[in-house]
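Beneath this line is the structure, given in structure tokens, with notes to follow.
Values in this text are rule-based calculations from the coordinates and carry no lab data. Given the structure is predicted, the values throughout are model-derived calculations rather than measurements. Here the Cβ positions follow ideal geometry from the backbone for every residue, glycine too, while neighbour counts run over all protein chains shown.
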């Protein structure tokens, strides 16, 4: 087994205890350490910031890596390697990939989801990033309860979000049949076949409430965190909160976010929404909710680099102090998921660290559990030039 190096990082501005302060940091045995003696390498990080590793609770950029074009899927190992490196280069050290469990079929159907869980299990031993799966469960998948619960249990899925895109699809029959046809082709159906599927699925509506309650009971027993996606009004958020789906992911308006806050439920919004200055789908701007104190964490959605950029954007615009802005992609997500071993820099915590050039804000290094998952630029030169300590025979 390869022994991980003990590192002493000196001269950086470190985000610790809610503030940036210049100091030294030690990494040993996967963890942040207070012990500096016996370090294998001492690395000069003057001009750099050391920040807690980014925790991404929802990302679907992985789909582009698995299939860069809809008709051109790649072997799962190649796709996951690409996801892994994309996340690491963006400072992500823990990432949930948002895999659909839908009536749509194809790459969003249950069979593909189970295969993806198996693929990730095979890849995980070589992963640089802590890659996990968030299941996006469509609420009308009522005939898959046993399969879903078994998959969650067998593959230790710890996060499920309820979605309902059926209404949107039904509306498109009249408003946008062209794009509806494209949607159907993703699942291997022509337009007529997809429309039949939509109407057949709609007929399952009376069974949906019991299905969701049964899933909620199973998730509670298994210790799964669960929530809902795209809540469009207060009643919808109340409904999901009532059955235990506490996480409010991407509320489309102010009202559901307000209900979530009143009930103590965490609210998640997309980091690209912050960076681009608004929602690409016309929903509420994330910054509006953040200014109102109605957003707890930001997620990558479809773009990993937006996570760090969103934190800097919030600070630059005076919406949040930088330490609070960075907490929205590190400490806050860790707290939401109950991960008490990461999210902040402190002795005994996982050595999940982002090393960022203070002048350019480029992420030049990422350490995940004390192992380099990304290294480039001037930082790579400094690491390469740092003298290694000669080990004594007794060591």
Suppose each label sits 7 Å from its Cα in the direction of the beta carbon; what would the residue 85-residue 317 distance come out to in nanometres? 3.3
Using alpha-carbon coordinates, inclination of helix 110-123 to the longest axis of the chain, degrees: 10
Expressed in Å to one decimal, the Kirkwood Rh of region 312-355 from all distinct alpha-carbon pairs is 11.2
At 7 Å along the Cα-to-beta-carbon direction for both residue 124 and residue 174, put a label point, then send me their distance in nm to one decimal. 4.7
Between residue 263 and residue 386, what is the FRET efficiency for a Förster distance of 35 Å, r being their Cβ-Cβ separation, to the nearest 0.05? 0.10
With -39,500 (n - 2.57) per DSSP H segment of 4 or more residues and division by the full residue count of the chain, the 222 nm estimate, nearest 500 deg cm²/dmol, is -11000 deg cm²/dmol
Please order 275, 299 by the number of other Cβ within 10 Å, starting at the fewest. 275, 299
With a Förster distance of 51 angstrom and the Cβ-Cβ distance between residue 192 and residue 340, calculated FRET efficiency to the nearest 0.05 equals 0.45
Kindly state, to the nearest 0.05, the FRET efficiency for residue 24 paired with residue 69, given R0 = 41 Å and r defined as their beta-carbon distance. 0.30
Debye calc, one equal point scatterer per Cα of region 1-152, no solvent, log10 I(q)/I(0) at q = 0.15, 0.19 1/Å comes to -0.87, -1.12
Put in order of increasing Cβ neighbours within 10 Å, starting from the fewest, 56, 40 give 40, 56
per DSSP, antiparallel bridges as share of beta bridges in the chain, % nearest 5, sits at 45
0 to 90° range, to nearest 10: angle between helix 166-175 axis and the chain longest Cα axis: 60
How much length is gained on full extension from residue 362 to residue 280, taking 0.36 nm per residue of separation minus their Cα-Cα distance? 27.0 nm
Expressed in angstrom and rounded, the centroid-to-centroid distance over alpha carbons for region 10-25 and region 179-193 is 53
Using Cα-Cα distances under 8 Å and only pairs 6 or more residues apart, what relative contact order does region 134-235 have, in percent? 39
Relative contact order in percent for region 165-213 (Cα pairs under 8 Å, 6+ apart) equals 33
Length-normalised contact order for the chain - Cα pairs under 8 Å, 6+ apart - percent: 21
Report, in degrees rounded to the nearest 10, the 0 to 90 angle that the Cα long axis of helix 76-89 makes with the longest principal axis of the chain. 50
Computed over region 209-248, Cα set: Rg, Dmax in Å: 9.9, 29
Listing 194, 74 from the residue with the fewest other Cβ atoms within 10 Å to the one with the most, what is the order? 74, 194
Could you please tell me the mean projected area of the C-alpha convex hull for the chain, averaged over all directions and given in square nanometres to one decimal? 20.4
Just how far, in whole angstrom, is region 228-295 from region 333-387 if you go by their alpha carbon centroids? 29
Model label zone, residue 291; criterion: amide N under 20 Å from point 7 Å along Cα-to-beta-carbon; scope region 259-278: 259, 261, 267-278
Approximate spin-label separation residue 185-residue 153, in nm, with each point projected 7 Å along Cα-to-Cβ: 4.1
Put one equal scatterer on each alpha carbon of region 17-98, apply the Debye formula with no solvent term, and list log10 I(q)/I(0) at q = 0.23 1/Å to two decimals. -1.11
